[in-house]
Amino acid sequence: MTMRILVATDGSADADGAIEWLMHFPLPADASVEVVSVIAQVVLRESGGRAPLSKMAAQAEGVVEQARRRLARRWPDVAGRVLHGDAREAIAEAAYRGGVHLVVVGARGLGAAASFFLGSVSLGVVRHAPCAVLVCRGQARPLKVVVVGHDGSPDAAAASSFFSALPLPRDLTVRVVGVVQPLGLLPSSEVVTPELAAALKRGEDELRSELEPALGSAVEALRPRVATVTSATPVGSPADVLVREAAGSHADLVVVGARGKGMLKRMLLGSVSESVLRHAVCPVLIERRPL
């Protein structure tokens, strides 16, 4: 099956960075690629069809054409078009109607203060796209180190499978991380009796044993494909641990599922994946199992 890739750009530095990442990212040589830019609903409403809309359309077409030409250096047949409306909805709808497998966006608006900017296009696309989304940030470069977060959930399995199926570079190092969440916070070590400490340790070991089969499957799928693949089950807050693992290993990519284990289906994006998306200093690939 030919992979369909949708690249969203607004001509910003973040969007240009995402396009540059695509020149390095391991994707099929025969992928079908389309570039889109969106004229916002507010522009349509306030222009009333007058000249400013025509100027905006021309600018958007220029942005699309520039991106299309850059990507055509890697894929010979890259399409492009301008969409209209709310950018988040328009991009998600285009992905749905086009049977897209991967949407690529820049990380514009996704910093530490992203909670105050929930209208962010990139965050909105991740929440609503029906497929995998690659949110790019940082200096574009070939992948050398990748952290895959896995909590045993269907979405995490889908994310790991999507990544494993890519044409990965043979010299890649992958670390599959399943985070064991602490069973409780204690105010002081003085109140931790040996019996309580042993009980907490048994509980964490049980959680670790539940994670290990899923991590083992992910490792086995990757082992024939890459030079080095390891797994770990550290204890801590999942998002914090994944971001720390990525920073400590100088990772070029973090892979996570959209929703964690036990997450309600009505929730489009889980707290862990959203926190990783906001705080990771490298691109984040988020995948979800079809609803």
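With the structure loaded, tell me whether G49 is modelled with pLDDT under 85, in a loop (DSSP other than H, G, I, E, B) and surrounded by fewer than 16 Cβ atoms within 10 Å (Cβ to Cβ) or whether it fails that test. Spell out how you get there, then give the answer.
Details: modelled with pLDDT under 85: yes; in a loop (DSSP other than H, G, I, E, B): yes; surrounded by fewer than 16 Cβ atoms within 10 Å (Cβ to Cβ): yes.
Here the answer is yes, as G49 does meet what is asked.
Which ones in the range 62-80 are touching a strand residue (DSSP E or B) at 6+ places or on another chain (Cβ under 7 Å), without any contact (Cβ under 8 Å) to a residue 24 or more places away in the chain and either outside the structural domain of I91 (by TED's automatic domain parsing) or within 14 Å of T9 (Cα to Cα) (or both)?
Initial filter on the range 62-80 (touching a strand residue (DSSP E or B) at 6+ places or on another chain (Cβ under 7 Å)): 63-65, 67-68, 71-72, 75, 78-80.
Within this subset, residues satisfying the condition of being without any contact (Cβ under 8 Å) to a residue 24 or more places away in the chain are 65, 72.
E65 - this is the single residue of the range 62-80 that is touching a strand residue (DSSP E or B) at 6+ places or on another chain (Cβ under 7 Å), without any contact (Cβ under 8 Å) to a residue 24 or more places away in the chain and either outside the structural domain of I91 (by TED's automatic domain parsing) or within 14 Å of T9 (Cα to Cα) (or both).
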Unmet requirement for G99, which otherwise passes all of (1) at pLDDT below 95; (2) touching a Cys at 6+ places or on another chain (Cβ under 9 Å); (3) over 22 Å from G62 (Cβ atoms):
(1)
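Does the range 224-239 hold any residues that are without any contact (Cβ under 8 Å) to a residue 24 or more places away in the chain and surrounded by 13 or more Cβ atoms within 10 Å (Cβ to Cβ), and which are they?
So in the range 224-239, the residues without any contact (Cβ under 8 Å) to a residue 24 or more places away in the chain come out as 224.
Listed by number, the list is empty, since nothing qualifies.
The values are calculated or read from the model by the stated rules, or taken from the named source; none is laboratory data. Here the structure is a predicted model, which is why all the values come from computation and not from measurement. Because the Cβ atoms are built from the backbone with ideal geometry, glycine has one as well, and the counts that use them run over all protein chains shown.
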